[in-house]
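Working notes, structure below.
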């Protein structure tokens, strides 16, 4: 193995992660990786310092990815001969008319500009846009809706305020609730919340959620998350999520404010990184390029593609009352049925999902037609973290609800609700 082959072998995983995060089409990503490796092979002699191989390789990848998107972006080009030269400006989508509208568009992400341009400037129907972009009609509708909302938020002449925000206070005890199975087909839903953290990683989104112990139903923690700024992690576009923890007597370690980085695409929602300050004042940054360490804490899906936003039942997890069957030995999430949730004197029509983790944790999540979590519940395998707690969960919580997963007992530990239902 020569020097180039050795360096490429050591860095190929980071290259694959980088490209797969930047390019959602898996086949295109594979072609790009081959092209990048070929380019690196041909030009390796130009690299004076082999210790700089990784950033040099990522630099080649970045150029190749930019070329890829330039070809894709041709559909966005605005004919410059129809626009007076004095009013032309330059943006990521090429030449555009420099006006308040144009400046507002410049503040939006590329896919938001694209959908608004095709719909309003090209006057294309949603069906035609779906065909032109090879997207499901549901994706086009949701993207157009959110693009219009984002435009309103950024346009200086629109008053988008809705009056004073009313502070929603979580009760000290978990409200009584009822889960009722509905013998009806599950409905389609676009679910864009970050896995188990309830916030949609879109700039400006904000959520508060609370944890409650069982069987006491006592409030133990309130978490406040807000997507405070656009962010780029290793060149991948996402948002910065500031999260603060308010302790109400749980037994977890104290948290300082955390910063998370996440990304929402047309088809998936995923984490990009985590940043925090430890007790000694040292700052830590963990990102998707950090391999197994990151995957273990934040990884979801094949090649860490994230969790699907268009939910549907795959038949990998099935449920019959308190009996759950999981046809997988790996981390998996699936839709298991339709349920009415009665809580806070309200009724919610939801689909239920189950997330199975190979470390002995099962979670239930009930999501309404708006794509919001109504109720989230956690169960632990009977011997989960046995070295830490020294007892089985059936011994610690003999009266808590139990389910069986592939014949193994799991015990209900705690629940979460968000301010969406308050």
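The values are calculated or read from the model by the stated rules, or taken from the named source; none is laboratory data. Everything quoted here is computed from the prediction, not taken from an experiment. Please note: Cβ atoms are built from the backbone with ideal geometry, for glycine as well, and neighbour counts cover all protein chains shown.
What number of residues in segment 378-397 are within 23 Å of the chain's Cα centre (by Cα) and surrounded by fewer than 21 Cβ atoms within 10 Å (Cβ to Cβ)?
Going through segment 378-397 one residue at a time, the tally reaches 1.
With respect to residue 236, is the statement that it is surrounded by 14 or more Cβ atoms within 10 Å (Cβ to Cβ) and in contact with a helix residue (DSSP H, G or I) (Cβ under 7 Å, 6 or more places away or on another chain) true?
yes
Consider segment 191-217. How many of its residues are closer than 22 Å to residue 333 by Cα and under 12 Å from the mean Cα position of the chain (by Cα)?
Residues flagged as closer than 22 Å to residue 333 by Cα and under 12 Å from the mean Cα position of the chain (by Cα) within segment 191-217 amount to 11.
Report whether or not residue 253 is farther than 30 Å from residue 189 by Cα and modelled with pLDDT of 90 or more.
Spelling it out, it is not the case that residue 253 is farther than 30 Å from residue 189 by Cα and modelled with pLDDT of 90 or more.
Give me the residue from segment 276-307 that is part of a strand (DSSP E or B) and buried (at least 16 other Cβ atoms within 10 Å of the Cβ) and, out of that set, farthest from the chain's Cα centre (by Cα). Write out each step before concluding.
Of segment 276-307, the ones part of a strand (DSSP E or B) are 276-277, 283-287, 307.
Within this subset, residues satisfying the condition of being buried (at least 16 other Cβ atoms within 10 Å of the Cβ) are 276, 286-287, 307.
On the way: 276: 19, 286: 16, 287: 14, 307: 7 Å.
The qualifying residue farthest from the chain's Cα centre (by Cα) is 276.
Please work out if residue 200 is part of a loop (DSSP other than H, G, I, E, B), in the same structural domain as residue 322 (by TED's automatic domain parsing), touching a residue at least 12 places away in the same chain (Cβ under 8 Å) and closer than 14 Å to residue 371 by Cβ.
Against the criterion (part of a loop (DSSP other than H, G, I, E, B), in the same structural domain as residue 322 (by TED's automatic domain parsing), touching a residue at least 12 places away in the same chain (Cβ under 8 Å) and closer than 14 Å to residue 371 by Cβ), residue 200 does not qualify.
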